[in-house]
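Worksheet: one structure, shown below.
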Amino acid sequence: MNGGRSIAPVKGSVRWLLVALLLWEGLELLRNTGPASFSGRPIGLFELLLVTLAPVLIALGFVRLFIAVIGAGYGSLNTYTLTSSPWAWVFWAALALTLAGHGEHAGAHLLNQAVPEVVRHGDFGVTARFFDETLGHWLLSVGMFAMSSVILVLGQGAARRVVAGEQMLLIVGSVVTYGGGILYIGVEGQMLTPAIVAAVGLAAVGLRHLSMWDVDHDPVSLLMLPGAAAGALVLVVWGLVVGGQPTWPW
């Protein structure tokens, strides 16, 4: 087992997933600023990439990290650890929820933007907004939380410790990705309390087995915990300041 831990490509998988999450968030921000059509089709370039490329990269990133931490924890990969163990069942079900939530969110948003204004404000628009803003956000949130929890439990201590520049890079990346995602769900998704509970729960899972010093030097912990802590803190302070559910000021 120790040999498996020492050679497991966990650090590389953490970096790979971090880049995939950053791309996903970047496409979410850019889809409303890009051209309205691409190659004569009624869909923008960034919207097209968000619907097609982003879910593939996210799925590959989480699967790669999951396989890496499984190999690190058990020393080898086999059918049971990848498909039949309780952790595997939770991970694959959570991945399916995440992809379904992303599909509902991106697809419903695209359809709602493509229809005429009069249709958008009718029954069709109400249904599309439910799939986009409510069901999509819930599926995404539950799936991401479950996948992250599994990887935290299995992956903490599975790679060599990081220090200095690499440590700071992971902290910043965590705040931008996990922190930004928690903030988005809490504000844009109108899910303040669930987002705070999920962030605190993720931090509790991460701090259960390792000390604060170990967490501060563990790549899997640094991928998730700084962002979860920052997101929860911002939402709590913002909610107290406004006296309830925060909304974007623009």
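What follows is calculated from the coordinates using simple rules that are stated; it is not laboratory data. Predicted model only: the values in this text are computed from it and were never measured. Cβ atoms come from the backbone with ideal geometry, glycine included; neighbour counts cover every protein chain shown.
Label positions at Val242 and Asn32, each projected 7 Å from the Cα along the C-beta direction, are separated by 1.4 nm. Across the stretch 235-244, coupling constants 3J(HN,Hα) worked out from phi with the 6.51/-1.76/1.60 Karplus curve, θ = phi - 60°, read 5, 5, 5, 4, x, 5, 5, 8, x, x Hz, and Gly and Pro carry x. Highest mobility in the GNM of the chain, judged by mean-square fluctuation with C-alpha springs under 10 Å and restricted to Leu192, Leu77, Leu50, is found for Leu77. Relative contact order for the chain: 21 percent, from Cα pairs under 8 Å spaced at least 6 residues apart, divided by residue count. Going from the fewest other Cβ atoms within 10 Å to the most, the residues Ser148, Ser211 appear in the order Ser211, Ser148. Where only DSSP H runs of four or more residues are counted, the chain gives -23500 deg cm²/dmol as its mean residue ellipticity at 222 nm, each run worth -39500 (n - 2.57). For the stretch 137-250, averaging the sequence separation of C-alpha pairs within contact (under 8 Å, six or more residues apart) and dividing by the residue count gives a relative contact order of 38 percent. With volume of the Cα convex hull per residue in Å³ in mind, check (1) 130; (2) 143; (3) 119 and report the label derived from this structure. Among (1) 130; (2) 143; (3) 119, the one calculated here is (2).
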